[in-house]
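Every number here is computed from the coordinates shown, using simple stated rules; none is lab data. Please read these numbers as outputs of a predicted model, since none were measured by experiment. Cβ atoms come from the backbone with ideal geometry, glycine included; neighbour counts cover every protein chain shown.
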Amino acid sequence: MALSASVISELADIIDGAQRNAADIVKLTDAHPDMEVADGYAVQAELCRRWQADGRRLTGYKGGLTSRAKMVQMGLETPVFGVLMGDTSVPDGDVVDMTQLIHPKVEAEIAFVTASELSGDVTIDDVLAATEFVLPAIEVIDSRFKDFKFDIQSVIADNTSAARYVVGGSPRRPDGLDLRLLGVVMERNGEVVGTAAGAAVMGHPAASVVELVRWLADAGQALPAGSLVMTGGVTEAVAVHAGDHVTARVQHLGTVGVRFS
Ligand code: OOG
Ligand code: MG
């Protein structure tokens with residue numbers, strides 16, 4: 001790490017303010033060019049600690065930049081990890097208030113809910129054995145950085161652009177499903193805006209969970225039973241505006257939707 005605890009705390013203040021006020025900011029490395037990836041995760045951890053101290057509940061984790069399409073779109077090559085807070089969950093079919101967000105985009109994702117704890121060096125088979133069910137998800141991302149432009153350190157500090165998440169459809173046990181082959185179709189206002197298969201995420205969506213568990217292990221943590229894991233957008237993220245509705249259809253897992261007002 002390159003930054004002191006007091007600078008980490010200052011950067012957490014800046015991100016928190018931008019999130020609360022839905023006001024964009026410049027990327028953190030502009031003022032701190034020596035900032036490292038570990039500093040980004042330290043800012044994120046400080047934010048998560050504060051949110052939990054405020055009574056907000058950690059419901060799970062997310063992987064980001066896990067598909068080629070997302071990496072190319074954002075010009076970054078490294079997967080990133082962030083936290084999911086319960087109060088950012090939106091019920092399937094419900095409405096997101098655009099005034100609370102800066103410049104939201106949506107992503108179609110395959111989500112996991114775990115039945116048992118996962119820790120350390122796990123395999124895809126370990127993840128599947130520990131999975132209660134898989135289900136379709138939409139992540140609403142909203143970078144706090146101007147024009148949705150950032151570097152890896154800044155986006156990690158910004159909790160990997162997490163803003164809202166929607167899960168729904170028909171949750172299923174992964175037994176008997178080849179998650180690599182699940183077709184995914186994302187629609188905005190009835191028009192297809194993205195298509196992919198599960199394998200778009202690291203060759204297998206469970207590989208994103210494997211990487212997440214490794215990341216947690218590096219921080220001396222495990223993935224608790226009952227966690228929700230968003231494995232990352234399978235296609236490019238798509239911008240949304242007030243009045244839009246978005247649907248993600250995942251083969252065998254049903255449909256999840258959200259509207260914007
Ligand atoms: C970073 C978060 C990416 C995903 O699913 O790839 C992400 C960003 O693109 O703003 O959540
Ligand atoms: Mg995402």
### Volume in Å³ per residue [convex hull over Cα atoms, computed for the chain]
111
### Query
Hey, got a sec? Which GluC sites (Glu not before Pro) in region 49-117 land in a DSSP loop and have at most 13 other Cβ atoms within 10 Å?
GLU77, GLU117
### Query
If the chain between MET71 and ASP24 were fully stretched, how many nm would it gain, using 0.36 nm times the residue separation less the Cα-Cα distance?
14.7 nm
### Summary
the chain: antiparallel bridges as % of DSSP beta bridges, rounded to 5, reads 85
#### Entry: Distance between region 174-200 and region 1-48 - C-alpha centres, whole angstrom
34
#### Entry: Mean ellipticity per residue at 222 nm, deg cm²/dmol - from DSSP H runs of n ≥ 4 across the chain, formula -39500 (n - 2.57)
-8000 deg cm²/dmol
### Query
What's the exposure ranking of THR231, THR247, going from fewest to most Cβ atoms within 10 Å?
THR247, THR231
### Summary
FRET efficiency for HIS241 and ASP54 from the Cβ-Cβ distance with R0 = 25 Å, rounded to 0.05, comes out at 0.25
### Task
Report the local net charge at SER119: Lys and Arg +1, Asp and Glu -1, summed over other residues whose C-beta lies under 12 Å from its C-beta.
-3
### Query
According to the Kirkwood expression over distinct Cα-Cα pairs, how big is the hydrodynamic radius of region 128-242, in Å?
15.8
### Task
Would you calculate the separation in nanometres between label points at GLU191 and THR99, each defined as 7 Å from the Cα along the Cα-to-beta-carbon direction?
2.8
### Query
If you put +1 on each Lys and Arg Cβ and -1 on each Asp and Glu Cβ, how big is the dipole of the chain around its Cα centre, in Debye rounded to 20?
480
### Task
Please give the contour-minus-distance gain from SER9 to GLU36: 0.36 nm per residue of separation, less the Cα-Cα distance, rounded to one decimal in nm.
8.2 nm
### Query
Fewest first, what order do SER170, SER89 take by the number of other Cβ atoms within 10 Å?
SER170, SER89
### Task
Please report VAL127, VAL113, VAL229 as a ranked list, fewest other C-beta atoms within 10 angstrom at the top and most at the bottom.
VAL113, VAL127, VAL229
### Message
Would region 8-125 count as rounded, prolate or oblate if I go by the C-alpha gyration tensor, calling it rounded below 1.5 in a/c and otherwise prolate when a/b exceeds b/c, oblate otherwise?
### Response
rounded
### Message
Roughly how far apart, in whole Å, are the Cα centres of region 90-109 and region 246-260?
### Response
13
### Query
Residue by residue, what Karplus-based ³J(HN,Hα) values in Hz, rounded to whole numbers, does region 49-63 have, using 6.51, -1.76 and 1.60 with θ = phi - 60° and x for Gly and Pro?
4, 5, 4, 5, 5, 7, x, 7, 9, 7, 9, x, 9, 9, x
